[in-house]
């Protein structure tokens, strides 16, 4: 008998629960479902699911509070599934520790891809000093030599540009907010803002992308941040 990955669906709309259960079962996932925030926190603690699909609009507790609570003691991948499409909601959820944010209505193929990415990288939380090499499609980073290659050709990046590319590779497939990237790359420096980050990203794209206007490696999540496309998926 296969040891199927466990997905906890936190959703109070029975029609959506039924839809997600059907989709997930068809793709070889075991599904648990709860309809309240209190049940969600209890189930994450007791059942240790492999990934959580979380609706923000629950009857007893806002999903944001669930993320804040769970992130105090667990690194389980959390994918938000919400009808809320305001940038403020997305940024808040991601900054608090959600791994991804999918807006309803969602496409089945996209959701399955987001789940696979979350599961594949759930055990990798971005070490401070990575070693060896990492490859994503035509892009390769040699962490030991601090060098970046595209199609086996070395790309000359500044120190800051390298840090940004490295950070997105370490969190491949995850949406990184502007604030997270700034804090990780520059530290708590109030003189650095989103515009400085955008300038650096524009320079990076000119160097690593065949067409900077249509990036294939680091894409923009409008109003939220950036995400490294996982080409293994």
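The values are calculated or read from the model by the stated rules, or taken from the named source; none is laboratory data. Everything quoted here is computed from the prediction, not taken from an experiment. Using ideal geometry, Cβ is built from the backbone for each residue, glycine included, and neighbour counts are taken over all protein chains shown.
Can you pull out every residue in region 211-230 that is free of Cβ contacts under 8 Å to residues at least 24 places away in the same chain and surrounded by 12 or more Cβ atoms within 10 Å (Cβ to Cβ)? Passing the criteria: 212, 215, 219, 220.
Every condition in (1) crowded, with 18+ Cβ neighbours inside 10 Å; (2) over 18 Å from the mean Cα position of the chain (by Cα); (3) within 23 Å of residue 98 (Cα to Cα) holds for residue 194 except the one numbered (1). Looking at 154, 110, just one residue is at pLDDT 90 or above, outside any helix (DSSP H, G or I) and out of contact with any helix residue (DSSP H, G or I) (no Cβ under 6 Å at 6 or more places or on another chain), and that residue is 154.
Going through (1) surrounded by fewer than 16 Cβ atoms within 10 Å (Cβ to Cβ); (2) farther than 18 Å from residue 119 by Cβ; (3) without any contact (Cβ under 8 Å) to a residue 60 or more places away in the chain one by one, residue 84 falls short only on (1). Checked against the criterion of being farther than 26 Å from residue 167 by Cα and in contact with a helix residue (DSSP H, G or I) (Cβ under 7 Å, 6 or more places away or on another chain), the candidates 95, 60 yield just one match: 60.
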